[in-house]
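Read the figures in this text as sums done on the coordinates, not as results from a lab. Because the structure is predicted, anything quoted here is derived from the model rather than measured. Every residue, glycine among them, receives a Cβ derived from its backbone with ideal geometry; neighbour counts consider all protein chains shown.
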Amino acid sequence: MPNSNDEPGTRETGRVELAVVGAGPAGLAAAVTAADHGLDVVLLDAAAAPGGQYYRSPAEGLGATRPGALHHDWPTFTELSARLAAHRDTGTIRHLTGHQVWTVERTGDGDWILHAVTGADEEVRTAVRARRMLLATGAHERQLPFPGWTLPGVVGAAGAQAMLKSGLVLLGSRIVVAGSGPLLQAVALSLTRAGARVPALVEAAGYGAYARAPRVLAANPGKAAEGARFAAELAGARVRVLSHRAVTEVHGDERVEAVTVSRVDRRWRPVPGTGRRIACDALAVGHGLMPQLDLAVAAGCGTRPGPDGTHAVTLDEQLRTTVPGVWAAGESGGIGGVELALCEGELAALSVVREIRGGVRGREARRAVALRRSRRRLRAFADLMGAVHRPGPGWREWLTDGTEVCRCEEVGAGRIRTACEELGAGDTRTVKLLTRAGMGWCQGRTCGFAVRELAAAHGGGQEPGGPDRRPLACPVKLSTLADLSGPG
Amino acid sequence: MLTRRPLDVVIVGAGMVGAACAYYTSRSGLSVAVVDRGPVAGGTTGTGEGNLLVSDKVPGPELELALLSASLWRQLSEELPKGIEYELKGGVVVAASENSLAALTATADAQRAAGVEAYHVTSDRLRDIEPHLAPDLSGGCHYPQDAQVQPALAAAELLSAATRAGALVRPGEEVAGILRDGKGAVRGVRTARGELHAPVVVNAAGTWGGDLAALAGVNLPVLPRRGFVLVTEPLPRLIRHKVYAAEYVADVSSGSAALQTSPVVEGTPAGPVLIGASRERVGFDRTLSVAVISRLAAGAAALFPALADVRVMRAYHGFRPYLPDHLPAIGPDPRVPGLFHACGHEGAGIGLAPATGLLIADAIRGERPALDLGPFAPDRFDATCHVT
Ligand SMILES: Cc1cc2nc3c(=O)[nH]c(=O)nc-3n(C[C@H](O)[C@H](O)[C@H](O)COP(=O)(O)OP(=O)(O)OC[C@H]3O[C@@H](n4cnc5c(N)ncnc54)[C@H](O)[C@@H]3O)c2cc1C
Ligand SMILES: Cc1cc2nc3c(=O)[nH]c(=O)nc-3n(C[C@H](O)[C@H](O)[C@H](O)COP(=O)(O)OP(=O)(O)OC[C@H]3O[C@@H](n4cnc5c(N)ncnc54)[C@H](O)[C@@H]3O)c2cc1C
């Protein structure tokens with residue numbers, strides 16, 4: 001058994017050559033590639049099963065028989081899973097499922113210690129010591145606030161998809177899908193396949209914007225074909241696609257009863273008088289994904305702003321971060337989709353192997369060259385996608401002073417503006433200190449992007465700051481922390 | 001275009017201390033500008049806690065400053081919006097052994113003689129005033145004058161009040177040079193955006209006060225002393241006072257660079273419990289130290305066993321502005337006419353800010369300050385230190 005956690009307490013592993021955090025497409029590809037080349041690897045993931053966001057399997061016992069139905073490339077995952085299982089059997093990979101890494105630290109001799117908690121009540125602590133570390137921690141959904149977004153029945157688009165893939169019940173029978181980004185198409189289709197009626201897919205950007213980069217499109221014919229396929233399938237499922245439109249208000253007392261959809265201009269400003277009501281009992285809304293950077297920032301890795309308005313880990317061609325001994329792959333280094341995540345995972349592992357062995361043999365070297373070429377091509381497309389769907393500054397006009405921006409601490413847009421205009425805040429950190437926005441349970445993961453944009457708009461040209469620092473990647477019990485200082 | 005009066009004072013630093021200086025100088029009728037390279041409260045003020053303590057200070061100049069500040073904070077709490085979260089909650093210092101209780105009692109006696117209110121609490125009464133304390137403590141001391149504010153809000157509100165009194169606040173503007181006239185006297189500052197002319201410059205640059213002093217060619221050995229704080233999930237009011245272990249006072253006054261941790265625990269109006277306090281001189285190292293935060297956690301759980309199952313939501317750190325004798329630099333610099341210092345308050349800058357601001361305003365106006373500035377003289381390190 002790779003991970004039977006029968007007794008509480010601390011477990012320490014012996015030092016391994018590589019620790020991989022995240023068993024999504026990127027981390028999975030990285031771990032098996034590294035193990036194929038003989039490295040001993042520990043693979044940690046908070047989830048109970050490998051696969052990450054994309055290859056999410058139904059929880060056991062829910063009776064789902066065809067998880068592949070929601071994925072067009074399930075065989076890739078089946079193949080990776082089989083390799084993982086083989087390496088687990090031989091002991092080359094120790095796969096620690098259900099392990100949330102709460103922080104990483106560097107020892108005096110340059111090793112990394114990854115501190116994780118696990119168990120039903122997080123009562124077991126694990127510390128993994130590794131020579132090198134590869135972060136493939138993926139992304140979470142980007143949310144923008146608007147009047148009514150806190151009403152029951154409004155859910156994240158990615159969250160809705162995740163619920164479906166895990167085999168859970170539908171959140172409604174008539175669901176509007178809204179926001180921006182290619183994910184929305186996948187979500188709308190999955191919902192209709194699961195039996196829901198999707199009266200509209202509301203996209204704030206316009207798909208025509210992709211045509212502005214014909215070279216990138218030509219290099220990625222698969223992406224264009226995928227877009228055409230989505231369009232055809234959506235039409236077949238009687239989903240109306242409304243682009244240059246946004247949900248600017250949600251109606252209902254106890255839960256969602258309808259939404260107002262308005263036309264927005266190129267800068268995402270609502271055009272007055274264009275609002276139309278669409279009846280629905282749920283709204284799945286999302287504005288793309290944001291890289292999960294907590295561990296990378298804690299490790300000291302540099303980050304850079306991307307064309308989609310999010311921060312991502314700075315990487316070189318070898319997928320090395322700015323900190324020696326730390327690599328990153330997949331969405332940690334910028335949102336880009338599953339194909340890119342798989343490509344980067346493998347490439348990063350080859351780069352680690354190269355560094356340990358002082359070079360790689362002919363076949364691997366050729367493979368690395370091909371992967372690097374794919375990566376450049378896919379990243380170019382990802383950058384285009386990011387720029388097309390980057391929220392326009394006019395989204396702020398959806399807000400009223402009373403619209404909650406930080407749900408955990410119930411901070412409205414008006415208070416954020418006052419903090420900027422009257423108290424001198426101009427960056428997310430000061431807004432947080434002066435209003436408590438981002439200080440609650442989610443630690444600003446939900447409102448962080450919105451607060452940054454509001455601070456930039458009202459802060460009189462101050463620098464809104466880099467990515468948030470969260471030295472603890474998740475909440476940890478005081479007793480868990482206290483035990484670390486015990487004897488031994 | 002608004003034509004402004006010529007400036008009397010430029011204050012460098014919009015932290016708690018710079019804000020207090022701005023408040024008292026502008027309200028005394030001086031024309032003031034505050035410049036900061038970052039946002040308001042973006043330095044140590046935004047990374048500390050907001051305890052306004054007299055309990056942790058032994059008789060001497062710092063305690064006098066703290067007592068003056070305590071009464072000024074009470075006034076400010078009436079003048080500023082309630083949002084600064086001022087709370088006269090009182091402090092409770094607890095001793096885990098008979099030895100530390102004896103030391104605590106001796107300190108409290110001396111403090112009482114210097115004007116501090118301090119009441120001995122026997123071990124059987126401790127849980128009456130603080131119900132969740134561990135049962136096996138030897139005793140403690142209650143200090144009703146200890147209070148708390150939310151530092152960033154307090155600084156922002158002081159600056160906002162200063163603005164209403166005519167002060168100009170300029171965030172996002174770094175001071176790159178101090179302008180001097182032919183005789184060496186200060187005549188303003190040079191920033192990335194231009195020059196600001198004034199016959200007086202106040203160094204309220206906190207932990208970076210040494211760098212600012214160097215711009216004027218003088219030595220002031222301010223060093224960073226790092227501290228971590230843990231923040232728990234919001235809880236119903238579990239902890240009523242600021243509670244800390246008697247050893248804390250010794251740690252505060254230690255001159256060693258090595259790590260000291262002694263548990264300091266307090267609730268906040270918003271619900272989360274804050275757990276401090278570590279002290280170590282490791283430069284500006286921003287990486288999380290698991291060893292330090294686990295010691296903080298262990299200390300807090302020992303004082304309050306009920307906290308063991310509570311979740312820590314986040315950890316943050318800050319760099320206290322440390323001067324080797326643990327006293328701030330407050331007052332005119334005899335080496336550079338027109339240069340005033342108001343920095344180096346280490347772990348007490350929030351508490352000591354109002355008195356500092358008042359003393360600086362008096363000193364600039366040439367009035368007799370309420371306290372003797374001698375112990376805070378900015379040039380007091382010149383005998384032992386040299387500019388490098
Ligand atoms: C609803 C939805 C639909 C999508 N549809 C498509 C699609 O049709 N086509 C496409 O190309 N892409 C799609 N994507 C994007 C795709 O899911 C991602 O590109 C891909 O999953 C990225 O892989 P990754 O390995 O970088 O990250 P992820 O798959 O997000 O994996 C990250 C893993 O890291 C783990 N992790 C993170 N932090 C920690 C920690 N501190 N401790 C332990 N473990 C941690 C997580 O548990 C997770 O398993 C979709 C995404 C979503 C959310
Ligand atoms: C963990 C921790 C806990 C603490 N707890 C408490 C407590 O409970 N009670 C208490 O009283 N104190 C506490 N303190 C100490 C307190 O936070 C500091 O003493 C106080 O914030 C110092 O304020 P300041 O205004 O001097 O400095 P800062 O707040 O650091 O302000 C200095 C400002 O100067 C600016 N600056 C520097 N150089 C330049 C330049 N060249 N040009 C323009 N601007 C410049 C900086 O950007 C900064 O904003 C704590 C500190 C820490 C780290």
Given the -39500 (n - 2.57) contribution per DSSP H run of 4+ residues, what per-residue ellipticity at 222 nm results for chain B, rounded to the nearest 500 deg cm²/dmol? -9000 deg cm²/dmol
Over region A:399-488, calculate the relative contact order: mean separation of alpha carbon pairs under 8 Å at least 6 apart, over the residue count, as a percent. 26 percent
Could you work out, residue by residue across A:450-461, how many beta carbons of other chains sit within 10 Å of that residue's beta carbon, and then give the average as an integer? 1
Taking the simple approach of a point 7 Å from Cα along Cα-to-Cβ for both A:Arg229 and A:Ala120, what is their distance in nm? 4.2 nm
Averaged over B:302-315, number of beta-carbon atoms from partner chains that fall within 10 Å: 5
About the Cα centre of region A:143-287, what is the dipole size in debye to 20, counting +1 per Lys and Arg Cβ and -1 per Asp and Glu Cβ, all else neutral? 520 debye
If you count, for every residue in B:169-179, the Cβ atoms of partner chains within 10 Å of its Cβ, what is the mean? 2
HN-Hα J couplings of region A:457-474 from phi, Karplus 6.51/-1.76/1.60, θ = phi - 60°, integer Hz, Gly and Pro as x? 6, 9, x, x, x, 6, 6, x, x, x, x, 4, 8, 10, x, 9, 6, 7
In region B:57-184, if the dipole is taken from +1 on Lys/Arg beta carbons and -1 on Asp/Glu beta carbons about the Cα centre, which of B:Leu158, B:Gln145, B:Leu65 is farthest to the positive end? B:Leu158
Charges only on Cβ, +1 for Lys and Arg, -1 for Asp and Glu: so what's the dipole of region A:399-488 about the Cα centre, in debye to the nearest 20? 280 debye
Value of relative contact order over region B:96-170, rounded to a whole percent, pairs C-alpha under 8 Å and six or more apart: 30 percent
Debye sum, Cα scatterers, region A:298-443, no solvent: what log₁₀ I/I(0) at q = 0.09, 0.11, 0.15 1/Å? -0.43, -0.60, -0.87
For chain A, what is the largest minus smallest coordinate of the Cα atoms on each principal axis, given in angstrom and ordered from greatest to least? 65, 51, 45
So if I take the alpha carbon set of chain B, get Rg, then get Rh from the Kirkwood formula, what is the Rg over Rh ratio? 0.98
Cα-centre dipole for region B:139-206 with unit charges at Cβ (Lys and Arg positive, Asp and Glu negative), debye to 20: 340 debye
Using square roots of five times the C-alpha gyration tensor eigenvalues, list the equivalent-ellipsoid semi-axes of region A:319-360 in whole Å, biggest first. 20, 12, 5
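Tell me the volume per residue, in Å³, of the convex hull enclosing the alpha carbons of region A:399-488.
Normalising the Cα hull of region A:399-488 by residue number yields 100 Å³.
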If the viscosity is 0.692 mPa s and the temperature 37 °C, what Stokes-Einstein diffusion coefficient in µm²/s follows for the protein assembly as shown when Rh is the Kirkwood radius over Cα pairs? 112 µm²/s
Take region A:198-275, drop everything but the C-alpha atoms, weight them equally and run the Debye formula without solvent; then report log10 I(q)/I(0) at 0.12, 0.18, 0.21, 0.25 Å⁻¹ to two decimals. -0.46, -0.87, -1.02, -1.14
Protection proxy (average C-beta count within 10 Å per residue), highest first, orders A:86-99, B:122-135, B:303-316 as B:303-316, A:86-99, B:122-135
I want to verify a result. In a Gaussian network model of chain B, Cα cutoff 10 Å, which of these has the top mean-square fluctuation: B:Leu215, B:Leu288, B:Leu323? B:Leu288
Let me know the whole percent of all Cα-Cα pairs from region A:143-287 that are separated by more than 27 Å. 19 percent
Mean ellipticity per residue at 222 nm, deg cm²/dmol - from DSSP H runs of n ≥ 4 across chain A, formula -39500 (n - 2.57): -10000 deg cm²/dmol
Gain in length, A:Arg304 to A:Glu410, computed as 0.36 nm per residue apart minus the alpha-carbon separation, to one decimal in nm? 35.2 nm
Return a whole-number percent for the relative contact order of region A:143-287, with Cα pairs under 8 Å and 6 or more residues apart as the contact set. 34 percent
Of A:Thr103, A:Pro324, A:Gly222, which is farthest along the charge dipole of chain A in the positive direction, counting Lys and Arg as +1 and Asp and Glu as -1 at C-beta? A:Gly222
Tell me which of A:Val155, A:Leu189, A:Thr260 sits at the most positive position along the dipole axis of region A:143-287, charges placed on C-beta atoms (Lys, Arg +1; Asp, Glu -1). A:Leu189
One-quarter of the Cα convex hull surface for region B:260-388, in nm²? 10.9 nm²
Mind listing the Cα extents of region A:76-163 along all three principal axes, in Å, largest one first? 52, 37, 25
How would you order A:284-295, B:16-27, A:214-225 from highest to lowest mean count of nearby Cβ atoms within 10 Å? B:16-27, A:284-295, A:214-225
